[in-house]
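The values are calculated or read from the model by the stated rules, or taken from the named source; none is laboratory data. Owing to the predicted nature of the structure, the values given are computational and were not obtained by experimental measurement. FYI the Cβ positions are ideal-geometry reconstructions off the backbone, even for glycines, and counts take in every protein chain you see.
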Amino acid sequence: MSGLHVNPGKSTIILSKSVRRDRQGIIDLMGFQEGSLPIKYLGVPLTSSRLTMTVCQPLLDKFAQRLAGWNHLTLSLAGRTQVIKSVLSSLHVYWASAFMLPKSIIQNVERKMREFLWKGSSTSGYAKVS
């Protein structure tokens with residue numbers, strides 16, 4: 001045996017709706033608190049239904065937070081491209097590896113990456129190119 005033990009204070013049990021009759025007995029036997037979906041696991045929400053805009057809001061918030069950290073810097077086009085490739089795209093790729101993200105979320109993230117690439121910051125205008 002490895003000596004590892006489950007911590008009931010940090011653990012929850014999520015039961016199917018079909019176990020109504022035995023629900024309390026299972027909870028008492030296991031010694032865990034009952035939880036409900038959605039919950040977060042490794043920073044990604046777990047849910048039994050399709051992802052909605054509200055469930056994906058932490059992704060958009062984290063994305064905006066990361067962008068805010070880079071907006072004040074004067075980066076070249078190549079620098080902004082590198083930030084998008086290494087930092088920003090990794091966020092939504094991580095979420096997309098676990099879920100089928102809604103089209104609106106993907107469009108929102110891509111729009112923010114495009115704006116960062118061409119504008120550089122949220123306060124400046126687009127680059128003047130012909």
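Mind listing just one residue for me: the one in the stretch 1-22 that is part of a loop (DSSP other than H, G, I, E, B) and of a type in the set (A, V, I, L, M) and, of those, nearest to residue 46 (Cα to Cα)? I'd like the intermediate steps shown before the answer.
Restricting attention to the stretch 1-22, the residues satisfying the condition of being part of a loop (DSSP other than H, G, I, E, B) are 1-11, 14-16, 20-22.
Then drop every residue that is not of a type in the set (A, V, I, L, M), which leaves 1, 4, 6, 14-15.
Values: 1: 30, 4: 25, 6: 21, 14: 11, 15: 14 Å.
By that ranking, first place goes to 14.
Among the listed residues 91, 46, 60, identify the single one that is in contact with a Lys or Arg (Cβ under 9 Å, 6 or more places away or on another chain) and either touching a residue at least 40 places away in the same chain (Cβ under 8 Å) or among the β-branched types (Val, Ile, Thr) (or both). Even if it seems obvious, please write down each step before you answer.
Details: 91 fails: either touching a residue at least 40 places away in the same chain (Cβ under 8 Å) or among the β-branched types (Val, Ile, Thr) (or both); 46 fails: either touching a residue at least 40 places away in the same chain (Cβ under 8 Å) or among the β-branched types (Val, Ile, Thr) (or both).
Among 91, 46, 60, only 60 is in contact with a Lys or Arg (Cβ under 9 Å, 6 or more places away or on another chain) and either touching a residue at least 40 places away in the same chain (Cβ under 8 Å) or among the β-branched types (Val, Ile, Thr) (or both).
Given 31, 25, which one is at positive phi and over 26 Å from the mean Cα position of the chain (by Cα)?
Working: 25 fails: at positive phi.
Exactly one of 31, 25 is at positive phi and over 26 Å from the mean Cα position of the chain (by Cα), namely 31.
Please find, within the stretch 1-42, the residue that is nearest to residue 54 (Cα to Cα) out of those that are exposed (fewer than 12 other Cβ atoms within 10 Å of the Cβ) and of a type in the set (D, E, K, R).
Of everything passing the filter in the stretch 1-42, 40 is nearest to residue 54 (Cα to Cα).
Which of the residues belonging to the stretch 53-64 are exposed (fewer than 14 other Cβ atoms within 10 Å of the Cβ), within 29 Å of residue 17 (Cα to Cα) and either modelled with pLDDT under 85 or not polar (S, T, N, Q) (or both)? Quick ask: steps written out before the conclusion?
From the stretch 53-64, those exposed (fewer than 14 other Cβ atoms within 10 Å of the Cβ) are 53-54, 57, 61, 64; that's our starting set.
Now drop any that are not within 29 Å of residue 17 (Cα to Cα), which leaves 53-54, 57.
Selection gives 53, 54.
Taking residue 46 as the residue in question, decide whether it is out of contact with any Asp or Glu (no Cβ under 6 Å at 6 or more places or on another chain), closer than 30 Å to residue 109 by Cα and of a type outside the set (Lys, Arg). Outline the logic, then answer.
Working: out of contact with any Asp or Glu (no Cβ under 6 Å at 6 or more places or on another chain): yes; closer than 30 Å to residue 109 by Cα: yes; of a type outside the set (Lys, Arg): yes.
So residue 46 fits the description; yes.
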